[in-house]
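See structure below.
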Amino acid sequence: MPNYYQEKWETMSRDEMRAYQDKTLVQQVKHVYGNAPYYRALMDKKGVAPGDVKGTEDLHKLPFISKDDLRETYPYGMLAAPLSDCVRIQSTSGTTGKRVIAYYTQSDVDLWDECCARAIVAAGGTKEDVVHVAYGYGLFTGGPGLNGGSHKVGSLTLPMSSGNTERQIQFLVDLKATILCCTPSYAAFLAESIHEMGVRDQITLKAGIFGAEAWSEEMRRHIEERLGIHAYDIYGLTETSGPGVSFECEEQTGMHVNEDHFIPEIIDPKTGQVLPDGERGELVFTSITKKAFPLLRYRTRDICVLSRKTCSCGRTLVKMAKPMGRSDDMLIIRGVNVFPSQIETVLLGCGFEANYQLVVDRVNFTDTLEVKVELTPEMFSDTVRKIEGREREVTDKLKSMLGITAKVTLAAPKSITRSEGKAVRVIDNRESKI
């Protein structure tokens, strides 16, 4: 039988959820209009008054918010509650530009913790579990989010943060951790290190909750096989709260969106037109319960699909697919749209591990793409002819997947810098040549 942290909300009927969203959205629009001058100006510019929004059917009338707006209003321009009511700030990682600060009231923190608790319970977590949190703490939302969720569930929580891999493994072994929370790239690194240290038989993990960066189904299978666990995806953004906006259940076919807190839309990234469920486009979220930093129609830039197909876990919350890339950091190489996740799929499908880097450059006014990937120790011991054969295989499969030719460089094991947080997958040297 599936477990729920808050069964009422996770299994609510479609009609009940819609009625709740309608009511809460109307209240939130009034709150934002009355307390966030920048957003009020955007609404006034578009000719939308709070009274024009009578429910979710009017959501499309509201203006979009983007990360550019948040940078422009730094540090207090989007704050919608008295600063004296705020108890915490978090910040984006800065991987796509200048950091953005988000504010939280105590109520905001409590609701965020509950969302993360839902994710932990959906992954099989109970108060009997030991949850090893190896996401970064501090300003990054990963550590604090899963830490708070674990406390809500009542699990023994190990606030490890990232780094110091030997200590991480020592605690995994000594304290018999059962659930690992970290980035997928760090999970792969931990798995590699565990095997090298010869302690795989001492690892008692049953599940992992991995997010904060894109990862493929091939990488999921790789991690599951190496650690002997079920690997679950979790999604979130600092701008909307942090991890826990959506989470995977036992079916592992998409992430349930916590619709009692976040209303998702899929839009055409070029026109802004709302697309129906099942169509691929840019994901947009509206926060309907957060008070200090509530964003209406925030453009995430993540590309995905929404589905309301019946889920075997019994949850009625809409599912979002694993993001297929981003509309803003998608690579455009010689006119072709390229997502790193596509390349990862090819590499893992060819038997490589998740240690790779993409180098984009411009030579003689032409874009180039180099894919650097490490050979496994077994591959490294092959003959030169066999290694060259592997290189040709990867080159051909990448061309079939992407439609362009990439230079493939097979590197020695351990030669690509490992990541203990978000992996740096792309180095784009074209920016320095503009």
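The values are calculated or read from the model by the stated rules, or taken from the named source; none is laboratory data. Predicted model only: the values in this text are computed from it and were never measured. Cβ coordinates were reconstructed from backbone atoms using ideal geometry, including for glycine residues, and neighbour counts include every protein chain displayed.
In this structure, does T368 turn out to be buried (at least 16 other Cβ atoms within 10 Å of the Cβ) and either more than 22 Å from the chain's Cα centre (by Cα) or closer than 21 Å to F210 by Cβ (or both)?
For T368, the condition - buried (at least 16 other Cβ atoms within 10 Å of the Cβ) and either more than 22 Å from the chain's Cα centre (by Cα) or closer than 21 Å to F210 by Cβ (or both) - is met.
Got a number for residues in the stretch 351-398 being touching a Lys or Arg at 6+ places or on another chain (Cβ under 7 Å) and over 22 Å from I427 (Cβ atoms)?
1
Being of a type in the set (S, T, Y), in contact with a Lys or Arg (Cβ under 6 Å, 6 or more places away or on another chain) and not in a strand (DSSP E or B): is that true of T253 here?
no
With (1) touching a residue at least 60 places away in the same chain (Cβ under 8 Å); (2) closer than 16 Å to T240 by Cβ as the list, and I101 as the residue in question, which single condition is left unmet?
Unmet condition: (1).
Out of P269, P243, P264, I need the residue that is in contact with a strand residue (DSSP E or B) (Cβ under 6 Å, 6 or more places away or on another chain) and outside any strand (DSSP E or B). Which one?
P269
Do any strands (runs of 3 or more DSSP E) lying entirely in the stretch 336-387 carry at least 1 residues that are basic (K, R) and modelled with pLDDT of 90 or more, and which ones are they? Walk me through it before giving the result.
Details: elements: 336-338, 356-363, 366-374.
Because the criterion is at least 1 residues that are basic (K, R) and modelled with pLDDT of 90 or more, the strands (runs of 3 or more DSSP E) in the stretch 336-387 that meet it are 366-374.
Within the set of pairs 6+ apart or on separate chains, which have a first residue in the stretch 262-275 that is modelled with pLDDT under 95, a second that is crowded, with 16+ Cβ neighbours inside 10 Å, and C-beta atoms under 7 Å apart?
From the stretch 262-275, the pairs are P269/G281; P269/E282; P269/S327.
I'd like the residue in the stretch 191-212 that is under 17 Å from S150 (Cβ atoms) and not aromatic (F, W, Y) and, out of all such residues, is farthest from the chain's Cα centre (by Cα).
T204
Any idea how many residues of the stretch 276-302 are farther than 30 Å from C86 by Cα and surrounded by fewer than 21 Cβ atoms within 10 Å (Cβ to Cβ)? Explain how you work it out, then say what you get.
Initially, the stretch 276-302 is screened for residues farther than 30 Å from C86 by Cα, giving 276-282.
Imposing the further condition that a residue be surrounded by fewer than 21 Cβ atoms within 10 Å (Cβ to Cβ) reduces the set to 276-280.
Residues in the stretch 276-302 being farther than 30 Å from C86 by Cα and surrounded by fewer than 21 Cβ atoms within 10 Å (Cβ to Cβ): 5 in total.
Could you check E279 against (1) in a loop (DSSP other than H, G, I, E, B); (2) within 18 Å of V408 (Cα to Cα); (3) of a type in the set (D, E) and say which number it fails?
(2)
Could you list all residues from the stretch 307-337 that are on the phi > 0 side of the Ramachandran plot and touching a residue at least 12 places away in the same chain (Cβ under 8 Å)?
G314, G325, R334 - these are the residues of the stretch 307-337 that are on the phi > 0 side of the Ramachandran plot and touching a residue at least 12 places away in the same chain (Cβ under 8 Å).
Being of a type in the set (D, E, K, R), surrounded by fewer than 24 Cβ atoms within 10 Å (Cβ to Cβ) and either part of a helix (DSSP H, G or I) or at pLDDT below 95 (or both) is the requirement here; does K152 meet it?
In short, yes.
Return yes when I209 is buried (at least 24 other Cβ atoms within 10 Å of the Cβ) and either closer than 19 Å to Q90 by Cα or outside the structural domain of E7 (by TED's automatic domain parsing) (or both) and no when it is not.
When the stated conditions are applied, I209 does not pass them.
Need pairs with beta-carbon distance below 6 Å; first residue part of a helix (DSSP H, G or I) and within the stretch 193-217, second among the charged types (D, E, K, R); sequence gap 6+ or separate chains.
I194/R200
Across the stretch 227-240, which residue is surrounded by the most Cβ atoms within 10 Å (Cβ to Cβ) among those that are outside any strand (DSSP E or B) and modelled with pLDDT under 95?
Of everything passing the filter in the stretch 227-240, E239 is surrounded by the most Cβ atoms within 10 Å (Cβ to Cβ).
I need the full set of residues from the stretch 8-18 which are assigned to a helix (DSSP H, G or I) and in contact with a Gly (Cβ under 9 Å, 6 or more places away or on another chain), in order please.
Those that are assigned to a helix (DSSP H, G or I) and in contact with a Gly (Cβ under 9 Å, 6 or more places away or on another chain): E10, R18.
Which members of the stretch 25-62 meet the condition of being under 26 Å from the mean Cα position of the chain (by Cα) and surrounded by fewer than 17 Cβ atoms within 10 Å (Cβ to Cβ)?
Passing the criteria: only H60.
Name the single residue that is nearest to V284 (Cα to Cα) among those in the stretch 302-317 being part of a loop (DSSP other than H, G, I, E, B) and in contact with a Ser or Thr (Cβ under 7 Å, 6 or more places away or on another chain).
Filtering the stretch 302-317 for residues that are part of a loop (DSSP other than H, G, I, E, B) and in contact with a Ser or Thr (Cβ under 7 Å, 6 or more places away or on another chain), the one nearest to V284 (Cα to Cα) comes out as T316.
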